[in-house]
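Have a look at the structure below, then the notes.
The values are calculated or read from the model by the stated rules, or taken from the named source; none is laboratory data. Keep in mind that what you see is a predicted model, and the values were worked out from it rather than measured. A quick note on method: Cβ atoms are made from the backbone with ideal geometry, for glycine too, and the neighbour counts reach across all protein chains shown.
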Amino acid sequence: MLIKLTKKRDFDQIMKFGRCFFVESFYIKVLKNNLPNNRYGIMISLKVDKKAVVRNKIRRRFNEILRLNNLKIRQGFDIVISTKDIIKNTPYDQNKQDLGFLLHQADLLKR
């Protein structure tokens, strides 16, 4: 089960103090949270698309990728995924590959 970030102050803290890792279509910010589980947040701007249907589809894709890989990710971190407008043209497999690359780059994958 994924624990979602919901409070604005949590997002603000992660955006201010978190380490950042980029790919072309999105980036992640990571901050240690001193909890036994990871918490995830997904930010999709109105700049990506005005239609909520499109933004929710992107959000569901990232939730599914995180759900499938949650056991491979080290615990005790807050992770925020923030998308760029090019994300609506990237396929699911590319998003999955890029997120795996960023998690590896952030040293969050279990060995």
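H104 satisfies every condition listed in (1) without any contact (Cβ under 8 Å) to a residue 60 or more places away in the chain; (2) part of a strand (DSSP E or B); (3) not β-branched (V, I, T) except (2). For V48, indicate whether it is surrounded by fewer than 12 Cβ atoms within 10 Å (Cβ to Cβ) and more than 14 Å from the chain's Cα centre (by Cα). No: the conditions fail for V48. Against the list (1) in contact with a helix residue (DSSP H, G or I) (Cβ under 8 Å, 6 or more places away or on another chain); (2) surrounded by fewer than 15 Cβ atoms within 10 Å (Cβ to Cβ), the condition D93 fails is (1).
Looking only at residues of region 55-90 that are within 14 Å of L2 (Cα to Cα) and among the acidic types (D, E), we find that the one that is surrounded by the fewest Cβ atoms within 10 Å (Cβ to Cβ) is E64.
So that you can scan it fast, the table gives a plain yes or no per residue for (1) at pLDDT below 95; (2) closer than 20 Å to F17 by Cβ; (3) among the β-branched types (V, I, T):
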position: N63; (1), (2), (3): no, no, no
position: N70; (1), (2), (3): yes, no, no
position: I79; (1), (2), (3): no, yes, yes
position: S82; (1), (2), (3): no, yes, no
position: D85; (1), (2), (3): yes, no, no
position: Y92; (1), (2), (3): no, no, no
position: L102; (1), (2), (3): no, yes, no
position: K110; (1), (2), (3): yes, no, no
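Taking the listed residues R39, R9, R55, R59, the one that is in contact with a strand residue (DSSP E or B) (Cβ under 7 Å, 6 or more places away or on another chain), free of Cβ contacts under 8 Å to residues at least 24 places away in the same chain and charged (D, E, K, R) is R59, with no other qualifying.
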